[in-house]
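Working notes, beginning with the structure itself.
The values are calculated or read from the model by the stated rules, or taken from the named source; none is laboratory data. A quick note: this is a predicted structure, and the numbers were derived from the prediction, not measured. No Cβ is skipped: glycine too gets one built from the backbone with ideal geometry, and neighbour counts run over all protein chains shown. Just so you know, the surface numbers come from the protein's heavy atoms only, side chains and all, with ligands and any DNA or RNA stripped out. Shrake-Rupley method; radii C 1.70, N 1.55, O 1.52, S 1.80 Å.
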Amino acid sequence: MIQDIQPHHYDNQYRQVPPDRESYVMYYEDHAVLARRTTEGIVFPRFRDLERLNEEIYEDCIYLFTIDEDRYYLVQGISREPLSEFTMENTEIFRSADPRYQCFAGITGYQLHNWYRNHKYCGRCGHLMKRDEKERMLCCEECGNMEYPKICPAVIIGLTDGNRLLMSKYAGGAYKKYALLAGFTEIGETVEETVRREVMEEVGLKVKNIRYYKSQPWSFSDTLLMGFYCDLDGGDHITLDREELALAEWFEREVIPDVTSHESLTNEMIMRFKNGEV
Ligand SMILES: [Zn+2]
């Protein structure tokens, strides 16, 4: 899955350590990241690639994380060489590009970029937020408001009925392949309750025997996904929520379409059922 980058090691402990010329620059604009495409995959710029036109980036950057020996820094604004081989690439490339560990770095940096961008000012009193030196936190010196990166829990639901798995397609949106039922946890709710509620809301079915499988950070949507399998409880007649879903149907194990991408928890859960491991 997208976070499985072994043998590389991701270290996200926050540190106040300055960049050097070999550190990576993570620069984003809206849904795009600065990178170079090569036959081996994407390459992020290092400080030495950008320093000529951007002397100030060594001071004006935010430490993100370290992978192996390489440090990654967020940079807010840069000037680019007119003929630079680095171009702005849509962050969707992180779903499938190589090398995989750099895609994980890219999407994790993107989540942090959005967080810093969306918390420039205090939501309580409107003053500028200041970066804390010891931890990844923004603080308002005026009113004391503290902000930490936001992570939204959500569930992925593998609803089974004997040899059948319920698969769905989302209404609207860009993702047109088969998926599993899913939804965000509401305030005041346990994740198990989210599973029951989402299945009832989206397809009008009851579930039992809810079992936790695995989790996955999914920075595309500030989410921590938690995968659960559960069994159908009672009748199998689907009442579709057409605002959320284009379709939902039961698939016998043998006819589940092969999933080519293994980046997402959803796909892993589908293939696990198809292969008879659930
Ligand atoms: Zn404030």
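For region 24-52, enumerate the residues that are within 28 Å of GLU92 (Cβ to Cβ), more than 23 Å from the chain's Cα centre (by Cα) and open to solvent by less than 90 Å² (accessible area, probe 1.4 Å).
Within region 24-52, THR38, ARG46, PHE47, ASP49, LEU50 qualify.
Might you check whether a residue that is outside any strand (DSSP E or B) and within 20 Å of THR66 (Cα to Cα) occurs anywhere in region 140-147?
no
So ARG164 fits all but one of (1) within 16 Å of the ligand (Cβ to nearest atom); (2) more than 24 Å from the chain's Cα centre (by Cα); what number is the exception?
Tallying (1) within 16 Å of the ligand (Cβ to nearest atom); (2) more than 24 Å from the chain's Cα centre (by Cα), ARG164 fails exactly one: (1).
Checking the condition surrounded by fewer than 15 Cβ atoms within 10 Å (Cβ to Cβ), modelled with pLDDT of 95 or more and among the acidic types (Asp, Glu), which residue from ASP11, ASP70 passes?
Only one candidate passes the filter, namely ASP11.
If PRO257 satisfies all but one of (1) exposed (fewer than 14 other Cβ atoms within 10 Å of the Cβ); (2) within 17 Å of the chain's Cα centre (by Cα); (3) of a type outside the set (Phe, Trp, Tyr), what's the number of the condition it fails?
Failing condition for PRO257: (2).
Just to be sure, is GLU147 within 16 Å of the ligand (Cβ to nearest atom), of a type in the set (Asp, Glu) and surrounded by fewer than 16 Cβ atoms within 10 Å (Cβ to Cβ)?
No; evaluated as a whole, the condition is false for this residue.
Given the structure, is THR194 closer than 30 Å to ILE93 by Cα and touching a strand residue (DSSP E or B) at 6+ places or on another chain (Cβ under 6 Å)?
Spelling it out, it is not the case that THR194 is closer than 30 Å to ILE93 by Cα and touching a strand residue (DSSP E or B) at 6+ places or on another chain (Cβ under 6 Å).
Go through (1) in contact with an Asp or Glu (Cβ under 9 Å, 6 or more places away or on another chain); (2) open to solvent by 30 Å² or more (accessible area, probe 1.4 Å); (3) at pLDDT 95 or above; (4) of a type outside the set (D, E, K, R) one by one and return the number of the condition ILE187 breaks.
Of (1) in contact with an Asp or Glu (Cβ under 9 Å, 6 or more places away or on another chain); (2) open to solvent by 30 Å² or more (accessible area, probe 1.4 Å); (3) at pLDDT 95 or above; (4) of a type outside the set (D, E, K, R), only one is false for ILE187: (1).
How many residues does region 128-144 contain that are more than 16 Å from the ligand (Cβ to nearest atom) and loosely packed, with under 14 Cβ neighbours inside 10 Å?
The qualifying residues number 3.
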